Amino acid sequence: MAANLRWRSEVMWDGRESAPGRSLNAALIQQASNAVTSHSAVPSSPAAALVQAVVNFELGQFAAQSSENTAGALDAAGATGGPRNLAKQNFTPGANEPFTANGGGGPPPAAVFNLYSAPGKASPGQTPLA
């Protein structure tokens, strides 16, 4: 299963379904349509509503670590880790791209995510992650 697709700027490992100026939604629609017609060998493209339902499902899948053996819950003591908080994160195209950092404008920032940063200290029994 693919998860966290909402934060990708390219579709497919090699970006073949992405094109300059094409939105993530449009690229995922193209990828889903191509997958249905090529893998299931149907003679015609799937209905647009079905393809959009597949894309909506894909964009709704989130996966994130919720705890760590030493640190404990990653959403405790003011930290904002875990899947619920991840699902609330905004997307900035290019922010997380290792090859086209900052939209191709230079190296990526040192701290892209701050999900696991908590204000202040760790709770008793927890180790700070930073």
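Only the coordinates and a few stated rules stand behind these numbers; no lab work does. Note that the structure is predicted; figures quoted are calculated from it, not measured. Cβ atoms come from the backbone with ideal geometry, glycine included; neighbour counts cover every protein chain shown.
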Normalised contact order of the stretch 14-72, rounded percent, pairs of Cα under 8 Å and 6 or more residues apart: 24
Using θ = phi - 60° and Karplus 6.51 cos²θ - 1.76 cosθ + 1.60, couplings along the stretch 66-83 (whole Hz; Gly, Pro as x): 9, 8, 9, 3, 7, 7, x, 5, 7, 10, 8, 6, x, 5, 10, x, x, x
Lys88 versus Ser23: modelled label distance in nm, points set 7 Å from Cα along the beta carbon direction: 2.5
Point-to-point label distance, Asn69-Ser38, nm (Cα→Cβ direction, 7 Å offset): 4.1
Amide H contacts under 5 Å for Ala73, placed H, 5+ residues apart: Glu68
Residues Ala3 and Leu50, FRET efficiency given R0 of 30 Å [Cβ-Cβ distance, rounded to 0.05]: 0.90
